[in-house]
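Have a look at the structure below before the remarks.
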Amino acid sequence: MSPPRETPTGLPGFRLWPGALDAAAQASLLAEVLATTEAAPFYRPVTPGGRPFSVEMTGMGPLAWVSDRAGYRYQPTHPVTDAPWPPMPQTLLDLWDALTGWPAPPDACLVNLYRGEAKMGLHQDRDEADLTAPVLSVSLGDTAVFRIGPAEGGRTQSLKLASGDVCALTGPARLARHGIDRLLAGSSQLVPGGGRINLTLRRALWRLGDRDSTGG
Ligand code: MD3
Ligand code: FE
C-alpha cells in the first residue's frame, strides 16, 4: 500500500486521510473485523435512560466502550457474552502507529455498525482517561454524512466519510462535538447486507507511563 496522503480540513487537530485504505485493504480489514464478531457479536446498547441506540456495537482489544442502564464506561468484556473482547487486528495497531505517531498503543477499539436509518447524535468523546491522546477512526462501507464543530458549541460543518477514509482527532479537535447525521445508502458494496462499520481506536484507560511507556 502507498502511504496515505493527508487532506487539509480547516479544523485544527482534525486530520483526514481520504482513501487511506485501498479496496483490497478495506476488504481484508473488514474480513478480520467480521471474523471477530463471530465470538463478539454486534449488540444494541441502551442509553442510561433506557433508549436503544440506532447503532449496533461491539469491540476489540483490551477494552471497549459500553452503555447500559448503569451508565457509560470502558470495560474488558462483551456485555452479552461476558467474554473478553477479541484482540485488535495488527493492521489497526500498525495504522495507529503510522498515522498518529503516538508513543503507546490504543487500549480500546469500538466497532460501530450503521444500517438503514442509524445515526449518532452530536456528542463529545470524554470518557477516556487520557484526553491528550488522539482518537483514530476508520470508515468501512457506505459513506456517512459526518458533522463536527467546536468543543464549546457553535457552528458545525458537515463532511462525508467514505469507505477507506481514516481520520484522527488530536489536540484542539480531541473534544470536538461530532456525530453521524445519516448514511448514503448503497454508496458502497463492501459490508454484506449493506451499511457502514466505523472503528475507533482510543487510549481509554491506559495513561502514558502507567504500564506502557515503551508501548505495551
Ligand atoms: C471527533 N463515531 O464512536 S467517527 C464514536 O462514525 C463516534 O461511528 C462516529 O463518534 C462513527 O464516538 C464518528 C469520527 C470521530 C471519532 C471520534 C472523535 C470523530 C471524533 C473524537 C473526537 C472528535
Ligand atoms: Fe464520538
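The values are calculated or read from the model by the stated rules, or taken from the named source; none is laboratory data. Note that the structure is a prediction, hence the values are computed from the model and not measured. Here the Cβ positions follow ideal geometry from the backbone for every residue, glycine too, while neighbour counts run over all protein chains shown.
For the range 129-150, which residues satisfy the criterion of being within 9 Å of ligand 1 (Cβ to nearest atom) and not β-branched (Val, Ile, Thr)? Steps first, answer last, please.
As a first pass, look at the range 129-150 and keep what is within 9 Å of ligand 1 (Cβ to nearest atom): 134-139, 144, 146, 148.
Scanning the range 129-150 gives Pro134, Leu136, Ser137, Ser139, Ala144, Phe146.
For the range 103-125, name all the residues that are assigned to a loop (DSSP other than H, G, I, E, B), touching a residue at least 60 places away in the same chain (Cβ under 8 Å) and over 20 Å from Gly209 (Cα atoms). Let's see the steps before the verdict.
To start, the set of residues in the range 103-125 that are assigned to a loop (DSSP other than H, G, I, E, B) comprises 103-107, 115-119, 124-125.
Pick out the ones that are also touching a residue at least 60 places away in the same chain (Cβ under 8 Å) and you get 103-107, 115-119, 125.
Within the range 103-125, Arg115, Gly116, Glu117, Ala118, Lys119, Asp125 meet the criteria.
Just to be sure I understand, how many residues within the range 10-47 are touching a residue at least 60 places away in the same chain (Cβ under 8 Å), surrounded by 15 or more Cβ atoms within 10 Å (Cβ to Cβ) and not in a helix (DSSP H, G or I)?
So the count comes out to 11.
Within the range 115-129, restricting attention to residues that are at pLDDT 95 or above and away from ligand 2 (no atom under 13 Å from the Cβ), which residue is farthest from Val33 (Cα to Cα)?
Per the stated criteria, the residue is Glu117.
Cβ-Cβ distance below 7 Å, separation of 6 or more or different chains: which pairs start in the range 81-93 with a residue that is at pLDDT 95 or above and end on one that is of a type in the set (Asp, Glu)?
Every condition considered, the pairs that remain are Pro89/Glu32; Thr91/Glu32.
Within the group Leu136, Leu201, Leu190, Leu184, which residue is away from ligand 2 (no atom under 16 Å from the Cβ) and either of a type in the set (Phe, Trp, Tyr) or crowded, with 17+ Cβ neighbours inside 10 Å (or both)?
Criteria check complete, one pass: Leu190.
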